[in-house]
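Just below is one structure, and these are the notes that go with it.
Read-outs throughout are calculated quantities, based only on the coordinates presented, and are distinct from any laboratory measurement. Keep in mind it's a predicted model, so treat the numbers as computed, not measured. Note that each Cβ is placed from the backbone with ideal geometry, even for glycine, and that neighbours are counted across all protein chains shown.
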Amino acid sequence: MPAQPKRIVVLEFMFAEDVAALDLTPVGVVDPEYYDGWIGYDSARFKGVPTVGTRQEPSLEAIASTRPDLIIGVGYRHAPIFAALDRIAPTVLFQFSPDVEHGNGDGARTQLDWTRSIFHTIACMTGREQQARDADAKLDAGLARDAARLKEAGLSGTRFALLQDLGLPDRYWAYTGNSTAAGVARALGVKLWPEKPTREGTVYLTSADFLKRQDMAVLFVTTSNAATSVDATLDSPVWRFVPAKREKRVTLVEPNIWGFGGPMSALKLGDVITEKLLGLPRTAPQ
């Protein structure tokens with residue numbers, strides 16, 4: 001591997017965001033048409049960058065045509081083609097999440113801690129350590145600012161769920177206690193539910209799981225900007241009986257809040273969580 005690779009191919013959105021935050025433009029990206037909708041950080045940088053397939057099925061021929069000196073992928077997707085990738089250029093595959101089951105303590109870490117470690121590793125490989133420190137400082141300052149706003153509003157300790165719309169009736173992803181969202185929540189002084197870690201940092205929940213959650217706010221990440229109201233989006237009979245919806249403590253979140261991104265996505269997520277919680281009615285006295 002060159003001492004400071006310059007021609008980098010990235011095979012996952014997180015790594016595209018990471019190199020952009022390090023002020024590097026990759027020579028190959030995957031699924032660029034979805035990057036803007038799901039992450040959107042520094043999207044202009046990627047205009048005109050060659051597409052090398054999808055995250056699930058990168059094209060070896062397209063990757064080779066970019067003449068990379070470093071390929072960055074993720075183990076659970078790209079391990080089966082590692083040897084082929086490594087023949088094209090030195091290849092690094094990152095584990096996507098901390099090892100919850102066998103991590104010797106990693107189970108207590110969140111994906112936010114993990115993604116920051118990955119970010120610094122990429123910075124070290126590319127000689128961009130100062131840019132990484134600058135990004136760290138920006139993230140820490142933003143989270144501290146948001147935490148102070150929530151504390152001033154008396155919202156420290158607020159319990160909430162962050163749901164991802166899957167386009168399925170009454171069935172959603174919820175970000176769990178080891179997700180990036182949980183790490184952000186911890187920094188903000190609020191509490192993400194459910195707290196139990198999972199391998200992916202998400203768990204499937206249904207609207208019925210919220211029927212007995214009296215002190216819960218719900219932030220719902222939509223799949224489309226066409227969602228105009230909470231009532232139009234959560235229109236199943238079950239939601240009518242969910243305390244959070246009755247108390248108008250459910251709010252919609254725009255779709256380009258990516259729960260599996262890098263430090264800049266975490267900064268954006270912190271800002272959005274803060275704004276949404278500040279905009280909700282307070283929990284009714286019990």
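P(r) for the range 1-84, from all Cα pairs and a bin width of 10 Å, is 18, 57, 24, 1 %, short bins first.
A simple count of charges around G142, restricted to other residues whose Cβ falls under 13 Å of its Cβ and scoring Lys, Arg +1 and Asp, Glu -1, yields -2.
Label zone (D86, point 7 Å along Cα-to-C-beta; backbone nitrogen cut-off 13 Å) within the range 1-40: 1. Here the average projected area of the convex hull drawn through the C-alpha atoms of the range 64-185 stands at 11.4 nm².
Evaluating 6.51 cos²θ - 1.76 cosθ + 1.60 at θ = phi - 60° for every residue in the range 4-13, the Karplus couplings come out as 9, x, 10, 9, 10, 9, 10, 10, 8, 4 Hz, glycine and proline recorded as x.
Note on the chain: helix-only mean residue ellipticity at 222 nm, from DSSP H runs of 4+ residues weighted -39500 (n - 2.57) and normalised by residue number, equals -10500 deg cm²/dmol. Per residue, the convex hull spanned by the alpha carbons of the range 108-159 comes to 69 Å³. Can you give the log10 of the normalised intensity I(q)/I(0) at q = 0.22 Å⁻¹, computed with Debye over equal Cα scatterers of the range 223-283? The calculated log intensity ratios at q = 0.22 Å⁻¹ are -0.99. Across the alpha-carbon set of the range 154-278, the Rg to Rh ratio works out to 0.92, Rh being the Kirkwood radius. Taking the Cα atoms of the chain, the ratio Rg/Rh between the radius of gyration and the Kirkwood radius comes to 0.99. With Cα atoms defining each centre, the range 165-237 and the range 254-269 are spaced 15 Å apart in the structure.
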